[in-house]
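All remarks here apply to the structure that follows.
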Amino acid sequence: MIEIADLKKSYEKGKDVLCGVCAQISDGSVFGLVGINGAGKSTLLRLIAGVLKQDRGQVCVDGEPIWENEEKKREIFFLPDDPFYTANVTAAGLAEMYASVYDMDKRVFLTYLEKFKLNEKTPIRNFSKGMKRQVFVSLALAIAPKYLLLDEAFDGLDPLARLVFKRGLVSLVEEKGTTVIISSHSLRELEDICDSYGILDHGQITCSGELVKDLEKLHKFQMAFDREISKEEFGFECMSFTKTGRVVQIIAKGDAEAIATKIEALQPLFVEEIEVDFEELFIGEVEARGYLQ
Amino acid sequence: MRKFLKYELKKHLWALVVLSVVCAIPYMIVTSQIDTHYPTIYGYVDPSLSMIAVFLGLLCFLAPPFVFSFKMNKRGVDAYYALPLKRWKLYLVKGIMGLLLVFIPFTVAFLGGFLFVAGANAESHVFQLRMYVPAYFGFLLFGLCLYALNTFLFTRANTVADGFIFMLAYLPLGYFAAEWYNNFTALDVGYKAQESLLTVGGLSDFTNKMTRLICGNAVKWSAWTFVFPIVLGVAASVLLFVTLPFEKGENAEQISESWFGYKLFIPVYTAMFFTDGYLDIGLLCMIVVGAIVATVVFRRKFRFSWKWWVMIGGAIAIGLLLNTFSVHPFWKIVV
């Protein structure tokens, strides 16, 4: 289990990137870390990976502080948003480096390279952005760590590569019990694989929980009226309110039947409930915090 | 750690081969040309040790950037600091690799050159060949000390360019400090001692002395040749590891704020140059401009805050104040 307690980190005096982050990520879960640009997602992942040292608080993995903890770090693999490789290194060379410090299954690595149709002898600098990402994704899956930290995981990957990656992650979680923390702006991709999530805002995790449960708490209704209608007329708190002419879409928290009754009272021409996705949950949450007004 | 060192060795194998060839071929060509039968105009046949010493010195300046530049790159920091290795182990492996980048090419070149000298020298016995043994180990000692110092200085920086500037800025610092001392106190430190205060001074002095020994001449050793480089080398090695817990990954690519860097040598050089008795208006302007340029390089912008102006102004004021007590105070100079 990863436990984050009162974590604080700042790069400049008086400007906290993270201020009092608290979270518990249970074993075998796939945790989606989301937030707007500059929210501190990468900083949080770097702190969990032991790349940066916190100013205050602690990151514990299985009850042990991660900072300078060689044994625990062997159970963690961190894939940053822009991974490092030297000028002439090949995929094989990179694998050799990681094999010198991790227990890595070279066959799995080669299998994934084959799936991605990548040559292990080609210098990585000659690959496109997505292909580079594929090399590192193959590495992560071949190392199969107990804890996998992925920053901007799907960035640059084509839909097919995303599918291979997601399947690889799911089999890692199922077979090895790997815990994955994954930060991405592709919330639709996260929704496919994450079972829990945390929204990072103003240096803190302001909203977190089990994804399916939290999505079930939200209700999205689409309706049409014979007149223009305002948000206030609904008589309950709307997380999101979108109006196109006389067609209205709302997202609200609470009991679905109670919300439907209140909508019916407004005599819509038609009304239907639609499924809420993770992106809408995220947008609703950040809108509620004053963004995108 | 061993596996990681093995990987690093394999990764740098080509660099080792290329550096060895680049050092060995010119040195072997030069040593093959030595005519051991005829003395030079200086009265002895030159075994060209100075050439191999220059190679050694250059390697000591090139190796730290070769192995430690990862910490000046955010992506490199992400990759290396996330590895399951304690920082001291990572630095130790990188340090050993850098040392091998110095020692292996040097050894290949030294041995190659020695073989030519020994072969050509077989009949005439002009050179004291047994002196090559202490020369070799002495070079390794000076190489180790210089490499340790440069590694410490380079790793104080947050960019590769700053790292090179730090290594080069420290090269004459001790020499100028002795020059300042001479001007200030009228107590001459002595040229030999002063020369050994260059970071490469000990190596240079050792090379000259070993050249004389190899040529069969007597040499009077001075403790200065060894003391300063060894003290600096040991202190740098200790400081490198002692300061590791304070090393921040987020500093990569940022302004190099280390107290061993610009913050130290800009005011020290400014004050020292001003202390020099032979000030004239041209030199004065050059020092001020130099200090401002160095601060611009340091802060990476042309507008810097008042505290940096105070630093330059303070250094000039201290320099001028000290100048008044020097052997040649500026008011006594007749222009």
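The values are calculated or read from the model by the stated rules, or taken from the named source; none is laboratory data. The shown structure was predicted, so the numbers you read here are calculated from the model rather than taken from an experiment. Glycine gets a Cβ as well: all are built from the backbone with ideal geometry, and neighbour counts include every protein chain shown.
Data table
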quantity: Within the stretch B:116-133, tally of residues that are assigned to a helix (DSSP H, G or I) and either small (Gly, Ala, Ser) or in contact with a helix residue (DSSP H, G or I) (Cβ under 8 Å, 6 or more places away or on another chain) (or both); calculated: 8
quantity: Answer from B:105, B:84, B:47, B:64 - the residue that is within 14 Å of chain A (Cβ to nearest Cβ) and touching a helix residue (DSSP H, G or I) at 6+ places or on another chain (Cβ under 8 Å); calculated: B:84
quantity: Residues of the stretch B:216-250 satisfying the condition of being over 27 Å from residue B:157 (Cα atoms) and assigned to a helix (DSSP H, G or I); calculated: B:223, B:224, B:225, B:226
quantity: Selection count where residues are outside any helix (DSSP H, G or I) and among the acidic types (Asp, Glu), scope the stretch A:139-188; calculated: 4
quantity: Close pairs (6 angstrom Cβ cut-off, 6 or more residues apart or separate chains): more than 8 Å from chain B (Cβ to nearest Cβ) and outside any loop (DSSP other than H, G, I, E, B) in the stretch A:79-95, among the small types (Gly, Ala, Ser) and crowded, with 18+ Cβ neighbours inside 10 Å anywhere; calculated: A:79/A:140
quantity: Unmet criterion (only one of (1) assigned by TED's automatic domain parsing to the domain that holds residue A:41; (2) part of a strand (DSSP E or B); (3) not hydrophobic (A, V, I, L, M, F, W, C)) for residue A:243; calculated: (1)
quantity: For residue B:100: the one exception among (1) touching a Pro at 6+ places or on another chain (Cβ under 9 Å); (2) touching a residue at least 60 places away in the same chain (Cβ under 8 Å); calculated: (1)
quantity: Residue list for the stretch A:100-157, filter: on the phi > 0 side of the Ramachandran plot and within 13 Å of another protein chain (Cβ to nearest Cβ); calculated: A:152
quantity: Single residue of A:281, A:266 found to be closer than 30 Å to residue A:32 by Cα, among the aliphatic types (A, V, I, L, M) and not assigned by TED's automatic domain parsing to the domain that holds residue A:36; calculated: A:281
quantity: Evaluation of residue A:85 against (1) surrounded by fewer than 21 Cβ atoms within 10 Å (Cβ to Cβ); (2) touching a helix residue (DSSP H, G or I) at 6+ places or on another chain (Cβ under 6 Å); (3) of a type outside the set (A, V, I, L, M, F, W, C) (one fails), failing number; calculated: (1)
quantity: Residue in the stretch A:2-18 that is within 9 Å of chain B (Cβ to nearest Cβ) and surrounded by fewer than 22 Cβ atoms within 10 Å (Cβ to Cβ) present; calculated: yes
quantity: Residue match in the stretch A:154-168 (condition: of a type in the set (Gly, Ala, Ser) and either crowded, with 21+ Cβ neighbours inside 10 Å or in contact with a Lys or Arg (Cβ under 8 Å, 6 or more places away or on another chain) (or both)); calculated: yes
quantity: Single match in B:242, B:234 (criterion: free of Cβ contacts under 8 Å to residues at least 12 places away in the same chain, hydrophobic (A, V, I, L, M, F, W, C) and assigned by TED's automatic domain parsing to the domain that holds residue B:82); calculated: B:242
quantity: Of the criteria (1) surrounded by 15 or more Cβ atoms within 10 Å (Cβ to Cβ); (2) at pLDDT below 85; (3) out of contact with any Gly (no Cβ under 8 Å at 6 or more places or on another chain), which one residue B:272 fails; calculated: (3)
quantity: Filter result for residue B:75 (more than 14 Å from chain A (Cβ to nearest Cβ), without any contact (Cβ under 8 Å) to a residue 24 or more places away in the chain and either surrounded by fewer than 22 Cβ atoms within 10 Å (Cβ to Cβ) or outside any helix (DSSP H, G or I) (or both)); calculated: no
quantity: Extreme residue, farthest from the chain's Cα centre (by Cα), among residues of the stretch A:29-55 that are basic (Lys, Arg) and facing chain B (nearest Cβ under 10 Å); calculated: A:53
quantity: The stretch A:115-138 - residue that is of a type in the set (D, E, K, R) and in a loop (DSSP other than H, G, I, E, B) and, of those, nearest to the chain's Cα centre (by Cα); calculated: A:117
quantity: Within the stretch A:56-73, tally of residues that are within 14 Å of another protein chain (Cβ to nearest Cβ) and not in a loop (DSSP other than H, G, I, E, B); calculated: 8
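Conditions (1) within 20 Å of residue A:182 (Cβ to Cβ); (2) of a type outside the set (Phe, Trp, Tyr), marked per residue:
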site	(1), (2)
A:84	yes, no
A:88	no, yes
A:91	no, yes
A:113	no, yes
A:125	no, yes
A:133	yes, yes
A:143	yes, yes
A:150	yes, yes
